[in-house]
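The values are calculated or read from the model by the stated rules, or taken from the named source; none is laboratory data. Predicted model only: the values in this text are computed from it and were never measured. We place every Cβ from the backbone using ideal geometry, glycine too, and count neighbours over all the protein chains shown. Quick note on the areas: whole protein, heavy atoms, side chains included, nothing else; ligands and nucleic acids left out. Shrake-Rupley method; radii C 1.70, N 1.55, O 1.52, S 1.80 Å.
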Amino acid sequence: MIEILKPDFSFEDNRGKLIQLTHGDCKQINYVESSAGVVRGGHYHKLNKEIFYVIEGEFDVTVTRGDKSETRTFSDGDFFAIDKGVFHSFYYKKSTKLIVAYDIGIELENGEKDIYSE
């Protein structure tokens, strides 16, 4: 239910670092900050695959599909995806900064949003 991803490539020298996470796969990209001790998520997407890159921090992700459930911990530099139809919730153990991307985008052309809590 959680797919671990690898960046397309990474380059580092004395000037700094560049990480190309992906190219051409996403139509919506968000930067998210969450405080330690908060819970976010509690939803799923019918149409969107959601991709996460952790800049810094630490959190637990609990995913559920049908009668299957799993919880994993992610932190600095982790890169993963949650497929459409998978219910997901996040518990932030530390203040966290991350990039979140969607392959289609939450706001649909018909004005509805691809985000469901039940």
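Applying a threshold of 9 Å to beta carbon distances and a minimum spacing of six or more residues, or different chains, the list of pairs starting in the range 57-69 at a residue that is among the basic types (K, R) and ending at one that is open to solvent by less than 80 Å² (accessible area, probe 1.4 Å) and in a strand (DSSP E or B) reads R65/Y44; R65/F87.
Number of residues in the range 8-60 that are of a type in the set (V, I, T) and either in contact with a Gly (Cβ under 8 Å, 6 or more places away or on another chain) or at positive phi (or both): the value is 1. Number of residues in the range 98-113 that are in contact with a strand residue (DSSP E or B) (Cβ under 9 Å, 6 or more places away or on another chain) and open to solvent by less than 70 Å² (accessible area, probe 1.4 Å): the value is 8.
Per this entry, V86 is counted among residues that are more than 11 Å from the chain's Cα centre (by Cα) and under 16 Å from I106 (Cβ atoms).
One residue alone among S95, S117 is out of contact with any Asp or Glu (no Cβ under 7 Å at 6 or more places or on another chain), open to solvent by 70 Å² or more (accessible area, probe 1.4 Å) and at pLDDT below 95, and that residue is S117. Among the residues of the range 73-92, the ones that are open to solvent by 50 Å² or more (accessible area, probe 1.4 Å) and under 15 Å from G42 (Cβ atoms) come to 2 in all.
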